[in-house]
Amino acid sequence: MHRQLVLDKISSILDATDANYDGKLTEILDKASRIFVSGAGRSGLIGRFLAMRLMHSGYDVSVVGEIVTPSIKTGDLLIVISGSGETEQLIAFTKKAKEIGAQIVLISAKSDSTIGDMADAVFQVGKSDQYSKVKGMPMGTVFELSTLIFLEAMVSHIIHEKGIAEEEMRARHANLE
C-alpha cells in the first residue's frame, strides 16, 4: 500500500514536469566550463547523487562545501537544488556565484523564489500545488525523491544521446573505496 502511494505520487510529479527539460539542461551543462552543485539537507544529498553521475558522464564537477572544491569563476555553472528556493545559505552561494559571473540553474518545486529570481534558468519539478502534505511522505520527501528520479532520467538522456558506454563511466568511478 505505501509503496504504491510513493510511486503514484512521484509519477504524478514527473508527469507534470516539462518533458523538454532533459535537452535544455544537457545543453546548459555542455556549455559550462565546470559545474558546481549545491543543496542543503536532503536536497544536498540529491545534489551529491547528481554530481557523481555527471562526473561519471565526463563532466568536471564539484560539490559546494567540500574541502577540495575550487573557486567558482566566470563560465562555470552553479546548480542549486532547493525545494523552496529560499534557503538562506543557498541564497548566499547564488549571490556570490552571480557576482562572479557564473551561470545559475535552480532545480526546485517553486519557480517563483529568491533563488529563482537570480537564476538564469529554473527547472521546476512538478507543479507547486502538488507538494501539499502527503501522508506517509513528510517534510520534503516528495520533492527529494521526484528530483532524484528526474535527475537520474536526465543523466540517462545524456548517456544515451552521447553514446557513453557503461565501461567508460565505470572507468571514472572511484577506485579507492
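Each reported figure results from applying straightforward, stated rules to the coordinates on display, with no laboratory input. Because the structure is a prediction, the values reported are computed rather than measured. Here the Cβ is made from the backbone with ideal geometry for all residues, glycine too, and neighbour counts use every protein chain on show.
Remarks
- Taking segment 26-60 and a reference point 7 angstrom along Cα→Cβ of D120, the backbone N atoms nearer than 13 Å belong to 26-36.
- Inter-probe distance in nm under a simple model that places probes 7 Å from Cα toward Cβ, at S12 and A153: 1.6
- Point-to-point label distance, F49-E177, nm (Cα→Cβ direction, 7 Å offset): 1.4
- Cα lying deepest toward the dipole's positive end in the chain, options I79, I91, L54, charges on Cβ: I91
- Cβ-Cβ FRET estimate between K162 and E66, R0 fixed at 25 Å, reported to 0.05: 0.45
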